[in-house]
1. Using helices alone, I'd like the mean residue ellipticity at 222 nm for the chain: each DSSP H run of four-plus residues gives -39500 (n - 2.57), total over residue count, nearest 500.
2. Please provide three numbers in whole Å: the alpha-carbon extents of segment 215-273 along the principal axes, with the largest listed first.
3. Compute the length gained on full extension between residue 337 and residue 9: take 0.36 nm times their separation in residues and subtract their Cα-Cα distance, giving the result in nm to one decimal.
4. Using alpha-carbon pairs under 8 Å, 6+ residues apart, how would you state the relative contact order of segment 354-434 in percent?
5. May I ask for the net charge around residue 430, where only other residues with Cβ less than 11 Å from the Cβ of residue 430 are counted and Lys, Arg are +1 while Asp, Glu are -1?
6. Can you tell me the relative contact order of segment 114-240? Whole percent, Cα pairs under 8 Å, sequence separation 6 or more.
7. If a/c stays under 1.5 just call it rounded; otherwise compare a/b with b/c (prolate if a/b is bigger, oblate if not). Do that for segment 169-260, with a ≥ b ≥ c from the square roots of the Cα gyration tensor eigenvalues.
8. What's the extension gain from residue 431 to residue 385 if we count 0.36 nm per residue and subtract their Cα-Cα distance?
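Rule-based calculations on the coordinates, nothing more; no lab input. Predicted, not measured: the structure shown is a model, and the values here were computed from it. With ideal geometry, Cβ positions are generated from the backbone for all residues, glycine too; neighbour counts draw on all protein chains shown.
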Amino acid sequence: MPRSALLATTERALLHRLAEEQAKYRVPSLVAAVVRNGELVWWGARGRVDGAQRPTADTQYRIGSITKTMVGVVVLRLRDEGKLDLSDPLARHVPGAPMGDRTIAQLLSHTAGVRAESPGDWWERTKGGDWSELAASMDGEAVLHRAGRRHHYSNVGYAALGELIARLRGQSWFDAVRAEVLAPLGMGRTTPSPIAPHATGWAVHPWADVVLPEPAHDHGAMGAAGQLWSTVDDLARWAAFLGGDTGEVLSRDTWEEMREPAAVIDEDEWTVGHGLGVQLARHNGRRLIGHGGAMPGFIAMVWADPADRTGVLFLSNTTYGGIRGKLDLAMLDIMAEHEPVMPEEWLPAESADPALLALTGPWYWGSASIALHLRSDGYLELKPLAHGGRPSRFRPDGEDAWTGLDGYYAGERLRAVRGPDGAVDHLELVSYIFTREPYPPTAPIPGGVDPAGWRGR
């Protein structure tokens with residue numbers, strides 16, 4: 001991926017934060033990067049790979065559960081092709097699955113109530129078997145909670161999604177990911193097994209400056225939960241994808257659906273949540289999409305902020321207890337402080353439909369005022385005024401009709417209703433009537449309007 005330039009002061013601040021993290025938490029090697037507007041704008045490295053070489057942007061590290069985001073994209077592609085519905089129970093496509101009554105959407109968002117780990121030995125440190133072995137090993141103990149009750153992270157659930165992909169694609173989950181996600185995005189160094197140059201995974205002794213090598217296996221059916229290895233260059237492309245540069249891999253609508261909160265993890269204060277295959281976070285006014293990954297000997301993270309098209313990532317070869325300093329979020333803060341994104345220059349639309357212009361301005365739902373705005377992309381947008389109302393964007397959907405894209409009105413239809421003279425008389429949105437005046441006596445207001453009209457006490 002080509003690299004653009006940052007200010008020298010920005011690069012210095014990023015490298016200092018990276019060096020601080022590597023030294024303080026005794027990380028054998030650590031690489032990090034920043035992506036902006038779809039391009040790798042900075043990367044840095046500290047430490048050594050196998051005690052000799054500085055890691056590069058092409059050095060492979062295990063990315064653990066970041067694998068899940070790519071598996072999730074293939075599942076959503078299957079939905080978009082009509083091969084499944086997200087409300088389908090898994091058993092419709094994987095007969096006999098031990099969590100077969102749970103829906104595909106619930107598995108994607110970790111709200112299916114499925115057990116977190118596979119039975120038996122610690123799967124991340126052992127060789128895995130196939131799906132039939134994994135399914136049999138659960139023997140009635142696959143689910144712990146009522147479906148939809150809570151967020152309960154489940155590696156087993158993603159093993160089931162991997163099998164779902166294999167059944168519907170007629171190939172392994174990884175072959176599908178490679179063909180449908182990695183190849184189109186140019187991520188040729190993201191693989192299920194390490195290919196040189198790659199880092200060795202280490203455990204760092206908690207009380208001494210010595211290390212122990214960690215094993216790396218083919219995890220079989222559990223591989224869809226965290227098998228993959230990748231590089232800075234490849235994960236930079238993935239950060240750009242998560243930030244909205246989806247190319248031909250995923251439609252814009254499906255990407256938007258993917259990052260809608262399906263579950264909140266910290267219930268008292270929504271700062272961390274989960275969408276369809278991705279983790280979500282709110283940080284200093286940002287709404288982030290991404291995922292972390294941890295396997296024996298490795299910790300990785302990738303986040304993207306679609307609002308300013310900035311992404312951050314890091315890869316490291318240390319087990320769990322190493323990185324704790326929130327390097328990823330710190331890099332976002334450095335970028336915001338040193339090189340905030342310049343707002344896009346406002347330009348008037350090339351043209352405007354007079355009929356749409358006539359719809360703009362204030363409308364009233366009862367006594368609540370709201371303004372209808374015509375955007376340069378041809379969409380309509382409701383914006384609350386002084387007396388409240390619910391904001392939403394609307395995409396054209398036929399003559400005098402639009403479909404809501406977000407907020408309370410997502411999926412609902414807005415219609416312009418014309419009178420006998422052909423002029424727009426009022427707007428209908430679900431059961432609501434929007435008029436040019438508050439409660440006009442001639443409008444079809446549900447329940448009618450008192451003929452005496454407005455009055456004082």
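1. Dividing the helical sum by the residues of the chain leaves -6500 deg cm²/dmol.
2. Reported extents, whole Å, longest axis first: 38, 33, 22.
3. Here the answer is 117.0 nm.
4. Relative contact order here is 18 percent.
5. Value of the local net charge: +1.
6. This gives 34 percent for segment 114-240.
7. prolate
8. Result for the pair: 14.5 nm of gain on full extension.
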